[in-house]
Every structure is written in structure tokens, then in C-alpha cells.
Amino acid sequence: MRNFLFLLLFFTATSTFAQDGRLPLDSKNNISYTDSGQPKLSQAQLHQRIKDWIVYKFGNLENALTSDNEQAGTILITSYIPVIHSSYQYVRFDLGIQYKDNQYDARIATLDGISAVRSPVRLDKKENDAITTKEQVLKTESNRKKRKEAETALQTAKADNDGINTSLYNLLADLKAFINSPTKQ
């Protein structure tokens, strides 16, 4: 059953994203998911829409909101999101949003893998390095059994990263959809 779920996750994640199993990195090799939008809203309206989204998405403004500076047009959210991953059930993240009239930029960074059976683990460039290493092992392995094990390990690592990518890109897409949706009366 577990292998079936893994294969289902692997094929769903790869066909949905067409990712190479790597987490997105910025110019300083830090994990960074970014999105921006140009809704036809004033800075004050954007501020309220973002706060409404936080309540909608996380259920409680006080627990998720880390920093709120309406004059500067910045909000920082620290929260958790469930992920499909072989080692973690959740990812804790920081989502910074900068906004002004008719524009916002969102950036997710500082990821920690959260599991019920181990301490949180900072996710960073090493997740991508592990895939590169596994690809090299697969290329050089001549023993059929060890090659199959290396192939499985590579597929698992890519599926794990794709599970994180799926959750975080969906979070950014949800923010965009909420900001651009008609206001509820």
C-alpha cells in the first residue's frame, strides 16, 4: 500500500509540475518561492485582503501573523502547511508580503521540515545536493540490485521535494486567488 501511494504521489507530482525534483533557490542558494500580482486595489485594501486571507487560510490571525506594518506595506506570516513527504508531515515557513497600490510581492523562505518523531530540520540547498548525489550514484552503479536501490532513493528524494513544491506553490496560488476574488459582501 505504501509503495502504491508513493508511486501515485510520484506520478502526480511529476505530471503536475514537470519539476526536476529540486527546490527553487535564489541567487544566494537559499530556498525561495516567489509570486507577485497587480490587483486593482489600494494599499489599504490589499492590507485588509491579505489579513482576511490569513484568517481564512490559517484560522487565526494572531497565531500566524508575525509582523504587520501597514505604513511600510509589509506583512510577515510564520505558519505550517501539510506536505506529502516521506520524513515530514508539515513544513514551517516564513511568508513575507510587500504591497503597495495595485501591486504585491510574496516570498516564502526559511523552511523547516516538521515531524512527530524527530526535531525540526532546516530545509535548504542540501535537499537539491542530495538529488545530484543520487543521480551520480545511479549513473556510476553497475550492480543491478544496487542500481535499483539507487533509482528508488532518487525517485523518493525527487517526490519528497515535489511534495514540498506542490504545497508551497499551491499556498501562493491560493493567496493570489483570494486577493483577486471579488470581496465577500
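Some notes on this structure:
- Placing one equal scatterer on every Cα of the chain and applying the Debye formula, the log10 ratio I(q)/I(0) at q = 0.14, 0.20 Å⁻¹ is -0.82, -1.37.
- Entry note, the chain: the mean residue ellipticity at 222 nm calculated from DSSP H runs of n ≥ 4, each adding -39500 (n - 2.57), is -16000 deg cm²/dmol after division by the residues and rounding to the nearest 500.
- Taking a span of 30 Å or more along the helix axis (Cα atoms) and a mean Kyte-Doolittle hydropathy of at least 0.0 as the rule, no DSSP H helix of the chain qualifies.
- Sites VAL137 and GLN48, calculated FRET efficiency, Cβ-Cβ separation with R0 45 Å, nearest 0.05: 0.30
- Per-residue packing, averaged as other Cβ atoms within 10 Å, sorts the ranges 156-162, 25-31 into the order 156-162, 25-31, beginning with the highest.
- Other residues with beta-carbon under 11 Å from the beta-carbon of ASP20 carry, at +1 per Lys or Arg and -1 per Asp or Glu, a net charge of 0.
- By definition, a body whose alpha carbon gyration tensor gives a ≥ b ≥ c is oblate when a/c is 1.5 or more and a/b is not larger than b/c, and segment 78-139 fits this oblate description.
Read the figures in this text as sums done on the coordinates, not as results from a lab. Everything numeric in this text was worked out from a predicted model, so none of it was measured. Positions of Cβ are generated from backbone atoms using ideal geometry, with glycine treated the same way; all protein chains shown enter the neighbour counts.
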